[in-house]
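I have placed the structure first, in the form of structure tokens, so that the comments after it can refer back to it.
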Amino acid sequence: MSSIVDSTPLVHWYSKEKLDDVANEFLHEYCPAALEKPIAVPIMDIAKKKMGLRVFTKYRLSEDFSILGQMCFTSGLVTIYDKDEDEYRDIKVRRGTMLIDPDTYLKRNTGCFNNTVAHECFHWYKHRNYHLYGKAVGKDNTKAFRCPVAEKDVNYHDDWDDEDWMEWQANNAAPRILMPKSTFINAANEIIKQGHEIYGSSLQAWWIIAKLAELYDVSKQSAGIRMDELGISID
């Protein structure tokens, strides 16, 4: 694995199964109520009030909406896209600034927005020391972490560098923070039970997914993937 710093142990490898535990650690620290019962995790409040991050949703991060969010680990200049002027320009930010492209909500949905905020929170929670160490040893590219829409193909992970692994971790940790394993399984089973009482054998998976997405304030796609990952069946 290549690295922006030499032989640093600051990027830990987690399996997807381990990321459930890491997500629980995050929630235990910032929102323990989410581990006790199914709730929509107040991720924006966590970011601002519990983690002390500055969150801005007014800056476009790319011309083609290829970047959803950005976590700024050190103070300095970062590049944003000025739609009115149709040009990229630099703005000054402070350490602990989170930038979320406004189109994350306008072109998608609240669930996508919440997932992006959770994604950036995870970067700050687990990866800020890596970037601070990089800055300490003079690596300029540690200032900010830009998070693209498109995910890299995990089949080619042998060629990934530290940034690729950190992005993979944040991609997979975010839905686990918003939909913790234990409460999600319980909520899904309860909704499936209700669905069978209403629809009987004609119960459809989309109805379960829509109910879970509404409960956790996530996208239907994310709720469906979480069901599949946890092996939850409507039968």
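For this structure, a couple of remarks:
- Within the stretch 54-67, residues that are within 14 Å of Arg108 (Cα to Cα) and part of a loop (DSSP other than H, G, I, E, B) sit with their Cβ atoms under 9 Å from residues that are among the basic types (Lys, Arg) and at pLDDT below 95, at 6+ positions apart or across chains, in these pairs: Phe65/Lys107.
- Of all the criteria given as (1) in contact with a Lys or Arg (Cβ under 7 Å, 6 or more places away or on another chain); (2) crowded, with 19+ Cβ neighbours inside 10 Å, the one not satisfied by Lys83 is (2).
- Filtered residues of the stretch 86-113 (kept if in a strand (DSSP E or B) and surrounded by fewer than 18 Cβ atoms within 10 Å (Cβ to Cβ)): Glu87, Tyr88, Arg89, Asp90, Ile91, Lys92
- Total residues in the stretch 177-231, condition within 18 Å of Asn24 (Cα to Cα), of a type in the set (Val, Ile, Thr), in a helix (DSSP H, G or I) and touching a helix residue (DSSP H, G or I) at 6+ places or on another chain (Cβ under 6 Å): 1
- Selected residue (only one of Phe56, Phe65, Phe73 is within 16 Å of Asp101 (Cβ to Cβ) and touching a Ser or Thr at 6+ places or on another chain (Cβ under 8 Å)): Phe56
- Per-region count, the stretch 13-27, residues free of Cβ contacts under 8 Å to residues at least 60 places away in the same chain and closer than 13 Å to Lys181 by Cβ: 4
- Qualifying residue in the stretch 190-202 (condition: over 30 Å from Asn129 (Cα atoms) and within 15 Å of the chain's Cα centre (by Cα)): no
- Only one entry of Met98, Met51, Met71 meets the criterion of being of a type in the set (A, V, I, L, M), more than 17 Å from Arg146 (Cα to Cα) and in contact (Cβ under 8 Å) with a residue 24 or more places away in the chain, and that entry is Met51.
- Selection status of Ile46, in the same structural domain as Val154 (by TED's automatic domain parsing) and modelled with pLDDT of 95 or more: yes
- Sole exception among (1) modelled with pLDDT under 90; (2) under 15 Å from the mean Cα position of the chain (by Cα) for Asn24, by number: (1)
- Number of positions in the stretch 36-80 that are surrounded by 12 or more Cβ atoms within 10 Å (Cβ to Cβ) and closer than 12 Å to Cys121 by Cβ: 14
The values are calculated or read from the model by the stated rules, or taken from the named source; none is laboratory data. Predicted, not measured: the structure shown is a model, and the values here were computed from it. Neighbour counts run over all protein chains shown; Cβ positions are idealised from the backbone, glycine included.
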